[in-house]
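Undergrad: Encoded as structure tokens, here's the structure I'll be asking about.
The values are calculated or read from the model by the stated rules, or taken from the named source; none is laboratory data. Note that the coordinates shown come from a computational prediction; the quantities given were computed from them, not determined experimentally. Positions of Cβ are generated from backbone atoms using ideal geometry, with glycine treated the same way; all protein chains shown enter the neighbour counts. Only protein heavy atoms, including side chains, enter the accessible area calculation; ligands, DNA and RNA are left aside. Shrake-Rupley method; radii C 1.70, N 1.55, O 1.52, S 1.80 Å.
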Amino acid sequence: MKRVFAIKLEKQIVLTELKSYTYVFLGSLLLSIAYALLIIPHHIVPGGILGLSIVIKELTGFSVGWIALLINIPLLLWGTKVLGAKTGVKTLFSMVLVSFYIDLITSLTAGRVFINDVLMSSVFGGVIIGVAVAIVMNAGATTGGNDILVRILSTKIRLPYNQLILIVDGIVILLGTLAFADFTMAAYSIVAIVAISKTIEYFMKKSVQNKTILVFSDKNLLIQEEILLNRKNTDGILKLIHHDSNEKMILVTKNTKKLDVVKDIIYKIDPKAYITVLESNSLGTS
């Protein structure tokens with residue numbers, strides 16, 4: 001029985017990872033399309049490593065994808081301890097895809113401008129990039145670059161994360177303004193950055209919702225102990241309450257991405273456990 005359950009659990013983990021990598025692929029492809037068709041042709045510099053790569057391309061003539069990869073890989077190696085090995089591998093996968101597809105699409109279109117209105121390109125390009133980044137982040141990865149750099153800087157500089165992002169993006173926009181000798185470009189770049197950040201914020205808030213998990217099992221004490229032992233992977237748990245009957249346990253999680261982890265732990269202890277998941281945004285978290 002345990003062997004059958006172990007095999008099922010292993011298959012579930014593999015399927016979950018395949019699904020995760022599929023989302024990373026789709027998000028990376030969408031990101032590449034937005035940059036190649038809407039951002040790069042207008043010389044918009046929306047901060048980050050890709051924005052810096054656009055500036056360096058103007059100065060050197062090298063492709064944006066190759067420049068981004070050459071900057072991102074050392075940053076990834078440097079920031080592996082910050083990200084963790086699992087996230088690091090997915091991030092590398094995303095980096096390679098983004099660099100490859102940006103150069104491929106740019107080569108196929110020869111840098112052609114598809115939307116003449118620069119403001120519309122900034123807004124729609126920013127929104128699409130924001131959606132793409134949110135997809136990749138929800139899959140347990142990052143698109144690399146700026147995120148890694150800022151995380152590393154936050155360990156050295158005592159400033160809030162958001163302020164460090166603004167500083168890094170501001171420096172990149174300044175370099176872009178000097179490289180392209182175009183102050184109007186700076187304004188459009190800021191528009192793109194705002195569109196990106198607001199879109200990411202919207203989708204990330206939507207993906208983080210409280211859930212109540214009702215667990216019916218006669219092994220709830222063992223399940224509770226296992227969850228506490230795995231607190232690193234279940235840090236979304238806000239409440240863990242036992243009833244006197246010891247037959248029902250209530251868990252409240254603030255992150256839907258933690259549900260599969262919690263379910264795996266429960267079924268590992270008791271394959272016969274019955275689980276019900278309910279929306280619980282109105283519940284307190286104290």
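Undergrad: Got a sec? Which of Gly130, Gly145 is open to solvent by less than 10 Å² (accessible area, probe 1.4 Å), within 18 Å of Gly47 (Cα to Cα), modelled with pLDDT of 90 or more and not hydrophobic (A, V, I, L, M, F, W, C)?
TA: That would be Gly130, the only listed residue that is open to solvent by less than 10 Å² (accessible area, probe 1.4 Å), within 18 Å of Gly47 (Cα to Cα), modelled with pLDDT of 90 or more and not hydrophobic (A, V, I, L, M, F, W, C).
Undergrad: Cβ-Cβ distance below 6 Å, separation of 6 or more or different chains: which pairs start in region 137-163 with a residue that is under 11 Å from Ile49 (Cβ atoms) and end on one that is at pLDDT below 75 and open to solvent by less than 70 Å² (accessible area, probe 1.4 Å)?
TA: Between residues of region 137-163 that are under 11 Å from Ile49 (Cβ atoms) and residues that are at pLDDT below 75 and open to solvent by less than 70 Å² (accessible area, probe 1.4 Å), the close pairs are Ile148/Gly79.
Undergrad: Now, a different point. Residues of region 153-171 being open to solvent by 10 Å² or more (accessible area, probe 1.4 Å), of a type in the set (A, V, I, L, M) and in a helix (DSSP H, G or I), which ones?
TA: Leu153, Ile165, Leu166, Ile167, Val168, Ile171
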